[in-house]
Amino acid sequence: MELTQNLWERYGFTDNPYDTKALSLSKAAHLSVQAAYIPRAQATTTADLMTNFLRNPGGGRIAVEGDPGVGKTTFVNFHRQRWEIGAKHKLISPAGEISVREGWTERDFLLNLLASLSARLRLDIGEKALGKDKLLTEINAIVGVRAEDSGGMSGNLTLFGFGGGLGHNKSKSVKVGEVTNEHLREYLRGLVVLVLKRGFSGIIFHLDNLELLGHRDIGVLQKFFDAVRDVIQEPGIYFVFVGHSGMFQQAIVPLPRVRSIFFDTPVHLEPLSLPEVKAVMERRYQLLAVPEKQWIKPVADEVVESLHHTFSGKIRYVMNAITSLVSHLPDSYAQSLSMSEARNMLQSIARSEVKRLLKGAEEEVFLQAAAAGRFTNTELGIQAGKTKQLVQKYLKNWLGLNLVTQAEKSGRNQFYEIEPRFAVLKDSIQ
Ligand SMILES: Nc1ncnc2c1ncn2[C@@H]1O[C@H](COP(=O)(O)OP(=O)(O)O)[C@@H](O)[C@H]1O
Ligand SMILES: [Mg+2]
């Protein structure tokens, strides 16, 4: 096998057209949001809503929801990019999205906002000028120390002149541990002022992956919103919270004091339609084509259609499946994979993965679970003719192996869902 780093060259591409990273804000990226974004057809309930939210002067809070892999992160990146570049009133936002972690307090939240925005400003302003900016230097010292928390430095570093530039009259030096949340909020306000001075009309913070918090226990997410409800009211800042379908209803609506400060409707993203998914791929074929060369589609259109159906439109799983197919092909293979070849391969890839992890009766029961897609312990037990205890034991193991995830609870029934990549096993079992 030739050791070149391009699996896709044989099709005429410079890189993987089915890469499932969210589209990047950076123009330099192979797949940037500017070039590779396909607008959604249901614009009135998505893009227009988002645009109107950002057109409200002075800041705000909105929820963006949808199932995994439908394009939430990319959607928000697209809008951030639009407001930063094309808009008359420009909104600045940190380069990356901020991933909220379980157990975050108001303080963790504030420190992350400060760190990401000051990093962005550092790029704009340049290291040299930054050294002369008191506010940014101080913020830098604080968030920098945080990054070294594990190194045992925390609390020992002393900041000189803290607060002086912010209307406080403290001239004594302050231990980092003494920087209160109120101080951190003043830093944030300071950054808003700085950003306005630089000609922007506001800031967008993109808080991503909130579904990871509410996954097992929606209370964790409620606790988070409750903790940050004051901070997210800072004027001049647009907070976009991205999470699972139903997040707004389950985690925000029950908290009247949080709900009342949110944009009235969440943006709900449906999976992309088949024509949209095809358009995404067409665009990527064009963008990644080796200049002056011909290219061919790694898989036939009907494979895309079939996978779109298998994965209920979730484009991330469609593209992951195609990448997996190509990775399993012999190197000499350079034609569009047909429907029947693709299906057989995907099923055998999934089956051998299951075989590697599970044995005997457990493997059998898992294949039944895969055929069902979604089930409770009781349902699966009845179907497979196994006791509840045994199924419980299996389920625990599968959760640990990430073969299934816990879906919602209805009454005393806990639903489970098969990891989407095993959906290809569905059609092979009678
Ligand atoms: N409108 C779109 N145009 C082009 N590519 C998209 C679009 N929506 C999603 N994608 C692509 O689909 C994949 C999954 O999108 P992502 O934003 O990561 O989903 P989510 O955040 O909902 O899990 C990414 O590779 C992304 O680039
Ligand atoms: Mg995402």
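Keeping to segment 344-398, report how many residues are over 17 Å from residue 423 (Cα atoms) and touching a Ser or Thr at 6+ places or on another chain (Cβ under 7 Å).
The total comes to 2.
Could you tell me which residue of segment 403-430 is modelled with the lowest pLDDT, considering only residues that are outside any strand (DSSP E or B), surrounded by 12 or more Cβ atoms within 10 Å (Cβ to Cβ) and not charged (D, E, K, R)?
Per the criteria, the residue is 428.
If you scan segment 308-347, which residues turn out to be of a type in the set (Phe, Trp, Tyr) and either free of Cβ contacts under 8 Å to residues at least 12 places away in the same chain or surrounded by fewer than 19 Cβ atoms within 10 Å (Cβ to Cβ) (or both)? Quick ask: steps written out before the conclusion?
Taking segment 308-347 as the starting set, the residues that turn out to be of a type in the set (Phe, Trp, Tyr) are 311, 317, 333.
Correct list: 333 only.
Of the residues 95, 35, which single one is assigned to a loop (DSSP other than H, G, I, E, B) and either within 11 Å of ligand 1 (Cβ to nearest atom) or under 20 Å from the mean Cα position of the chain (by Cα) (or both)? Quick ask: steps written out before the conclusion?
Working: 35 fails: assigned to a loop (DSSP other than H, G, I, E, B).
Checking each option against the conditions leaves just 95.
Restricting segment 8-29 to residues that are within 11 Å of ligand 1 (Cβ to nearest atom), out of contact with any strand residue (DSSP E or B) (no Cβ under 8 Å at 6 or more places or on another chain) and not β-branched (Val, Ile, Thr), which is farthest from residue 324 (Cα to Cα)?
Filtering segment 8-29 down to residues within 11 Å of ligand 1 (Cβ to nearest atom) leaves 16-24, 29.
Next, only the ones that are out of contact with any strand residue (DSSP E or B) (no Cβ under 8 Å at 6 or more places or on another chain) stay: 16-22, 29.
Retained after the next criterion (residues that are not β-branched (Val, Ile, Thr)): 16-19, 21-22, 29.
Details: 16: 11, 17: 13, 18: 10, 19: 11, 21: 15, 22: 18, 29: 23 Å.
Top of the filtered list is 29.
Of the conditions (1) of a type in the set (A, V, I, L, M, F, W, C); (2) within 16 Å of ligand 2 (Cβ to nearest atom); (3) without any contact (Cβ under 8 Å) to a residue 40 or more places away in the chain, residue 64 clears all except one; give me its number.
For residue 64, the failing item is (3).
Mind checking whether some residue in segment 150-159 is more than 16 Å from ligand 2 (Cβ to nearest atom), buried (at least 17 other Cβ atoms within 10 Å of the Cβ), at pLDDT below 90 and not acidic (Asp, Glu)?
Looking for residues that are more than 16 Å from ligand 2 (Cβ to nearest atom), buried (at least 17 other Cβ atoms within 10 Å of the Cβ), at pLDDT below 90 and not acidic (Asp, Glu), one finds at least one in segment 150-159, hence yes.
Return the residue satisfying two criteria in turn: it lies in segment 229-278 and is acidic (Asp, Glu) and over 19 Å from residue 74 (Cα atoms), and of such residues it is surrounded by the most Cβ atoms within 10 Å (Cβ to Cβ).
Per the stated criteria, the residue is 234.
For segment 370-384, what are the residues that are in a helix (DSSP H, G or I), surrounded by fewer than 16 Cβ atoms within 10 Å (Cβ to Cβ) and in contact with a strand residue (DSSP E or B) (Cβ under 9 Å, 6 or more places away or on another chain)?
378, 383
Could you list, in sequence order, the residues of segment 99-116 that are surrounded by fewer than 19 Cβ atoms within 10 Å (Cβ to Cβ) and within 16 Å of ligand 1 (Cβ to nearest atom)?
Once the filter is applied, which keeps residues that are surrounded by fewer than 19 Cβ atoms within 10 Å (Cβ to Cβ) and within 16 Å of ligand 1 (Cβ to nearest atom), segment 99-116 yields only 99.
Given the conditions (1) under 26 Å from residue 87 (Cα atoms); (2) in the same structural domain as residue 65 (by TED's automatic domain parsing); (3) within 16 Å of ligand 1 (Cβ to nearest atom); (4) not small (Gly, Ala, Ser), report the number of the one that residue 209 does not fulfil.
(1)
Can you work out which of the residues in segment 382-430 that are small (Gly, Ala, Ser) and under 29 Å from residue 219 (Cα atoms) is farthest from the chain's Cα centre (by Cα)?
This residue is 411.
Given the criterion in the same structural domain as residue 232 (by TED's automatic domain parsing) and part of a loop (DSSP other than H, G, I, E, B), identify the matching residue among 261, 296.
Only one candidate qualifies: 261.
Quick check on segment 176-219: of everything there that is within 16 Å of ligand 2 (Cβ to nearest atom) and outside any strand (DSSP E or B), which residue is modelled with the lowest pLDDT?
215
The values are calculated or read from the model by the stated rules, or taken from the named source; none is laboratory data. As the structure is a prediction and not an experimental result, all values here were calculated from the model. Positions of Cβ are backbone-derived with ideal geometry, glycine not excepted, and every protein chain shown enters the neighbour counts.
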